[in-house]
Each structure stands twice: as structure tokens, then as C-alpha cells.
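The values are calculated or read from the model by the stated rules, or taken from the named source; none is laboratory data. All values derive from a computational prediction rather than experimental measurement. Neighbour counts are summed over all protein chains in view; Cβ atoms, including those assigned to glycine, are modelled from backbone coordinates with ideal geometry.
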Ligand code: FES
């Protein structure tokens, strides 16, 4: 067994030249080449992940954040050392950002292991970056703290407040339905993202920011200040001071990311009407520490956790309004009876202690009182049935209540290309009461489980004023989208799940109240179809794609690579 490395600072993880003394001598010589003194090198060394990129406007405040973190670290007597890792900007990554999340997590993990540091500040914001960093840091095992880049401001279009990306989809839908013209869609394009920062609604980025705070991984109040504000910079400075304490007290990430922390995070996910993507990410992060997510228990938890946050797409407001309403402290106070208040946070204090220290409550209309929720149950329901033996999910808080108990005829698309070719054809045999089924957009299917589960409504129905239909796929959906959309059907069609064998005209039943998603076709008929048309599981000849296709797990395991999960299982979460 290798001896654990309990050395500190620049002595940590020496490069192997066969002579430890020489390795340290050489390392010091090189870092002194950057102008550092022995006095500086004796301090706790704090790594800072710099994920700035011209391809990632959601991280556009990275230079200012790094500067503020460095200031905080130095005020507390540490030595900041920033280093780059991969950055993933959601709309700039092909085939999908999810395809690259595990690569970023591996980059983060290995750089945390390889380079000498006593603790690390993870700076992320855009959808996949925060989960990737938490996954990597969980595996590396150092003291780690998350700093969120912060949300963008809202824009104004012809007198209406707009923000990415719920309104992006809404306006694009209007354009497709020919309700607005080319000039208006061009005008609103200038307003949807009026500043740097992450999407301003409760999409995946905002969800993961709230989850990071609920996990105890950010300083208190770290989730909500917008990217361009002084408050965000103060959070960054404070993150710098806290991380030095973490390094000194060796507050490693496993002491924060406990079962209780994951349960708190799940409560928060349900209560904020958060992005469905967060289930996949939480599953992957928990998996790195040996916890398996029990989807049925999560569903039970959802039945007693109301949606309290009135933010788009489930509600009305935007992240800047949540921040003005007191941010996570306001929400956590309402959820107090359901939380583990003794869960430890990065400050070394418990969640309960931090709530006691938070500013007093005041009158606001963004976080509803527990007794008067925006939606009586959690935002996400877990479905089971012969169409999804490994489970599927629906964001019920963003669905049309009239469609949540529905039986209809399947209109099937074999993949994204098929969808693009036929969805807008006037010849498509489709009616408003049909169910749209899209195959081959799961983890291996596209690959990378694209956010294409938000299947566009056929143009001819959109023109008739149809606003929602039941849609089913093995893909994901952006947290900013809305509709009666069943996602993450597991196992996916590309590996031969039942979804692969759905045919045009089959009947499908969705019952959210019974948590059911059923294909009304006999087992014998499904077996016959599987024999007639066997599925060819996708593979690749080389590179990252080969690794991805060979090792990526299904949605119920977090879409992580199978060799990255913790080798031993510690238990399941939640315990509800
Ligand atoms: Fe980066 Fe939405 S595109 S957070």
C-alpha cells in the first residue's frame, strides 16, 4: 500500500527524479524564477482553478474573481497559485457539454493530485463546470471550496424583462409559430444575454450554484450574487480567506460531502424547481464518494418537499431577484424542518450555525413560505414502467397539468437527424394528442446525452396554437425549458433499452400521479421486435470518444465513467 502523502505546501507530491531532496530543490528553484521568496513558499499553498475562456462568456468575470480570491488568500496568510483547467461553455461545445463534463472532471482531479497544493478554490459557473469540478475534487480528496461565477443580469425587450434561456426558447417558439417576425427575433437576440455570467433563470447553472451552497461547498450566500456585482467579488475574497483556514485545519472534501449534505442538496433541488440535469450531476458527485442515489427514495422525498422558489421556468422571477430576496438563507430558513442542520460546511461551522448568523428575514415575494408553495410537491418526479425499467424523470412543475395523465399514440423519431428532417414536414402524421418519442439521444446515443429532450412541437401544430405535447426521450433537457417532457429514459435506446423498440402507432401511457410511464405493448411483442432489429451499440476507434463510449454509465449512475466512481459503496442517498 502506498503511504499517504501528508507533507504540505511545495513539498507535496514531489516530481519523481529518484532523489526527493533534489526534486524539492529543483521545484523551489523554478518557482523562485517566478519571483517568489522563501517566506511566500512557507505559507499554505492554495490552488485556484482558472476556467476563463473566450468560449465561455458565463465565466467572463474570471480575471476579477481570481484577483479577489488571491487577495483573500493573502489576507489570511496563504500563497495563491492559479492554474488553468478545461472550461466548458454550454453552447460552444460539440456534440454536447455533457460529453466533456467527465473530461473536465478528470482534468480537475489529476491537476489537483499532480500539483502541490494544500487546498483548492474551484471556480465554475456554466452548467457542466461546477459538477465537473465537484466530481474531480471529490475524487482528489483535498480541502476544496467552490466559487460560483454568478448569474448574468436580465435584459429588456420592448418593455418586457427577458433572460437566458427560458425566454430564448419562448421567443424561438413564437418565431417558429410565425407569431413574431425576423426583425423581432433579431432584436430580442441582443437582449437575452445582456452581460457576462450564467443563465439568469433556474437552469442547470443556477441549480448547481444553489446545490453547491446547500452541500456546504460555498461560503454562505455564495450561490446568488450576479457575476458583475461587488457582492460577487466580496464572495470571492471571502472564499480566499476561508480556504486558507480549510488548508490549516485539513478540512477535506469528504468531511463536507456527507450523506447529510447530499440529502440537503436534494431537498433544495426539489424546492427550487431545479434543473433535471442536477439529478445526473448529484448522482455522479455522490458516486465519486461511494454513495448511490436511490431514485425511488428521491421521489418520496419530492412528495413532501414543495417548490418554494418563484423563478423561471417554474415561476416568474430571475436569479438577481432571488439574490435581492436574501438568496439561499431565505430559502433554507423555510426548509429548516426538512434539513440536516448539523451538516458541516466549508467554514467549519454547520449549516444550522450559518443560518443563525445570516441576516434577518424580511418581506419579499421570491421565496414563498412553506405553507403557501408555488407547487405543492417537489419539482421533479421519478417515473417507472416497462418503457423505463431503470427509471425516467419529469419536471412536473414545468409541465402542463392537463397532460400529466395522458394516453396517446406514439409518433417516433429514430434520432436527431430523423427529427430534423421530418418534424416540420406538412406530411407528418401527427395530432396534438399524440406522444412524440425521440430515440438515440442517451449517454451513448448521440453521444453525450444532448439537451434535445425538449423536442420542438411540429410546426403545423405550433401554427394551430398547440403549446405543449407529451414528449419522451432518453436525452436531457435544459433546466431553462418547460413542457410535459419525460427524460432520462433508462436504459437508453442505443444500448437496447425498450425505447429502442417503440414503433409509430404504439400506445403509451403517462401517469405522473402513479409515477408511471408504460408502453402498452406486450413483453412478447417487444422481445420479437428486439430479435428482428437488434441494436448495434455505438463504439469508436480512437481517442476520448473511444473512452467515452466504452465506459460511460447510464443516467441512473450519473453518466460518469465506470472507472471513476469510488471503488467501494458506502450506502444510498437519500434515506427518505
Ligand atoms: Fe452558461 Fe447557461 S450557457 S450557464
| message | So residue 296 passes all but one of these: (1) over 20 Å from residue 210 (Cβ atoms); (2) assigned to a loop (DSSP other than H, G, I, E, B); (3) at pLDDT below 95. Which condition number does it fail? | response | (2)
| Do we find a residue being at pLDDT below 95, surrounded by fewer than 24 Cβ atoms within 10 Å (Cβ to Cβ) and assigned to a loop (DSSP other than H, G, I, E, B) anywhere in region 435-449? | yes
| Residues located in region 301-336, provided they are free of Cβ contacts under 8 Å to residues at least 24 places away in the same chain and either within 17 Å of residue 223 (Cα to Cα) or part of a helix (DSSP H, G or I) (or both) | 336
| request: Return the pairs, sorted by first residue and then second, in which the second residue is surrounded by fewer than 17 Cβ atoms within 10 Å (Cβ to Cβ), the first residue lies in region 64-89 and is more than 17 Å from residue 112 (Cα to Cα), the beta carbons are less than 7 Å apart, and the residues are 6+ apart or on different chains. | output: 89/55
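Yes/no matrix, rows are residues, columns are (1) within 30 Å of residue 543 (Cβ to Cβ); (2) in contact with a helix residue (DSSP H, G or I) (Cβ under 6 Å, 6 or more places away or on another chain); (3) within 16 Å of the ligand (Cβ to nearest atom):
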| position | (1), (2), (3) |
| --- | --- |
| 8 | no, no, no |
| 18 | no, no, no |
| 51 | yes, yes, yes |
| 62 | yes, no, yes |
| 72 | no, yes, no |
| 85 | yes, yes, no |
| So, of the residues in region 96-126 that are in a loop (DSSP other than H, G, I, E, B) and under 25 Å from residue 202 (Cβ atoms), which turns out to be nearest to the ligand (Cβ to nearest atom)? | 126
| query | Are there any pairs with C-beta distances below 8 angstrom linking a residue in region 109-128 that is under 10 Å from residue 147 (Cβ atoms) to a residue that is within 16 Å of the ligand (Cβ to nearest atom) and in a loop (DSSP other than H, G, I, E, B), with the two at least 6 apart or on different chains, and if so which? | reply | 123/51; 123/149; 124/51; 124/149; 125/149; 125/150; 125/197; 125/227
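This table checks each residue for (1) within 23 Å of residue 515 (Cα to Cα); (2) at pLDDT below 95; (3) over 27 Å from the mean Cα position of the chain (by Cα).
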site	(1), (2), (3)
380	yes, yes, no
403	yes, no, no
415	no, no, no
456	no, yes, no
| Of all residues in region 226-239, how many are touching a helix residue (DSSP H, G or I) at 6+ places or on another chain (Cβ under 7 Å) and surrounded by fewer than 24 Cβ atoms within 10 Å (Cβ to Cβ)? | 3
| message | Among the listed residues 47, 77, identify the single one that is away from the ligand (no atom under 16 Å from the Cβ), crowded, with 18+ Cβ neighbours inside 10 Å and within 23 Å of residue 7 (Cβ to Cβ). | response | 47
| Which one is nearest to residue 80 (Cα to Cα), of the residues in region 27-37 that are surrounded by 14 or more Cβ atoms within 10 Å (Cβ to Cβ) and free of Cβ contacts under 8 Å to residues at least 24 places away in the same chain? | 31
| remark: Scanning region 317-345 residue by residue, those surrounded by 24 or more Cβ atoms within 10 Å (Cβ to Cβ), under 16 Å from residue 274 (Cα atoms) and out of contact with any strand residue (DSSP E or B) (no Cβ under 8 Å at 6 or more places or on another chain) turn out to be 327, 328, 332
| remark: The residue from 268, 280, 242 that alone is over 17 Å from the mean Cα position of the chain (by Cα), crowded, with 23+ Cβ neighbours inside 10 Å and assigned to a helix (DSSP H, G or I) is 242
